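Readers should treat all values here as calculations from the given coordinates under stated rules, not as data from a laboratory. Model, not experiment: these values are computed from the prediction. With ideal geometry, Cβ positions are generated from the backbone for all residues, glycine too; neighbour counts draw on all protein chains shown.
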Amino acid sequence: MTATRTGAETTQEHPAHAEQHPAGADRAGLTPGGHTAEELKALAEQAGRDLEEASPLEILRWAAETFGKRFCVTSSMEDAVVAHLASRAMPGVDVVFLDTGYHFPETIGTRDAVAEVMDVTVITLTPRQTVAEQDAEYGPELHDRDPDLCCALRKVKPLEQGLSSYAAWATGLRRDESPTRANTPVVGWDEKRQKVKVSPIARWTQDDVDAYVAEHGVITNLLLMDGYPSIGCAPCTRRVAEGEDARAGRWAGRNKTECGLHG
């Protein structure tokens, strides 16, 4: 896996080493920032209770003040709402994007626009193998034959490695998106990665998102206006018909609703 950092003045590509210790802790049992996992878990659970009624900006300010450079935002580049909010709470914040090699051109364009105009540092993570190398090892179109393995190789593993230097990460998960996300806490504990997981817009609806985009002129993926209310990798995403659930176009026809990044 490689990580490319795009900031206001510099772009640097360097190898991102795989996590060598279980669940993000070092050999002494400390997470990035010097806390034990137990301390971070208690902090996350308390914050989840205390900040349940807080605004997204207040939640992100708490994360920025608590973790500083050990905090990042992840973005699928469906829109830049959480990245925009985080840039207000912590200018220059790291925004982590997974380039799976299968994205729509519009998604890559959204990433490039965010890096160009917003006060953030976009970090692009790529899998260990190119699509061609994966095809050579596993056969072509793994996404059709074993989408869980494809997601694991091109999303889950690169993210786990890319988050290794952070103690907390933010997502754009919302409770109204699907039944599997209905209980998303605004601040919670990522047991698998042993990190604090911040979901500042968990309580928002699509109307709230749309209102924020309109008020602040936030960058959005052009595909949102072309029948794609939920955008993933091109081979596993289709347009959604009128009346269908917003995520019906993801892995359509399969018993799969999540890529594995969130549980």
Worksheet item: When only C-alpha pairs under 8 Å and at least 6 residues apart count, what is the relative contact order of the stretch 185-227, in percent?
Response: 25
Worksheet entry | Stretchable slack from residue 42 to residue 65, in nm (0.36 nm times residue separation minus alpha-carbon distance) | 6.6 nm
Response to the item:
Yeah, the stretch 93-250 with a ≥ b ≥ c from its alpha-carbon gyration tensor (a/c under 1.5 is rounded, else prolate when a/b outruns b/c, oblate otherwise) is rounded
Practice prompt. First measure r as the distance between the Cβ atoms of residue 116 and residue 241, then evaluate 1/(1 + (r/R0)^6) with R0 = 22 Å and state the FRET efficiency to the nearest 0.05.
Written response: 0.05
Item to complete: Could you work out how far apart the two model spin labels at residue 136 and residue 152 are, taking each label as a point 7 Å from the Cα in the direction of the beta carbon, and quote it in nm?
Response: 2.3
Item to complete: Scan around residue 36 for amide H atoms under 5 Å from its own, H built in the peptide plane at 1.01 Å from N, and keep only partners 5 or more places away or cross-chain.
Response: 31
Worksheet item: Rounded if a/c is under 1.5, else prolate if a/b beats b/c, else oblate: with a ≥ b ≥ c from the C-alpha gyration tensor eigenvalues square-rooted, which is the stretch 68-178?
Response: prolate
Response to the item:
Simple spin-label estimate for residue 88/residue 129, 7 Å along Cα→Cβ, in nm, reads 4.3
Fill in: HN-Hα J in Hz across the stretch 221-237 - Karplus 6.51, -1.76, 1.60, θ = phi - 60°, x for Gly and Pro
5, 4, 5, 4, 9, 10, x, 10, x, 9, 10, x, 5, 4, x, 10, 9
Worksheet item: In nm, to one decimal, how far is the residue 52 label point from the residue 178 one, both placed 7 Å along Cα→Cβ?
Response: 2.5
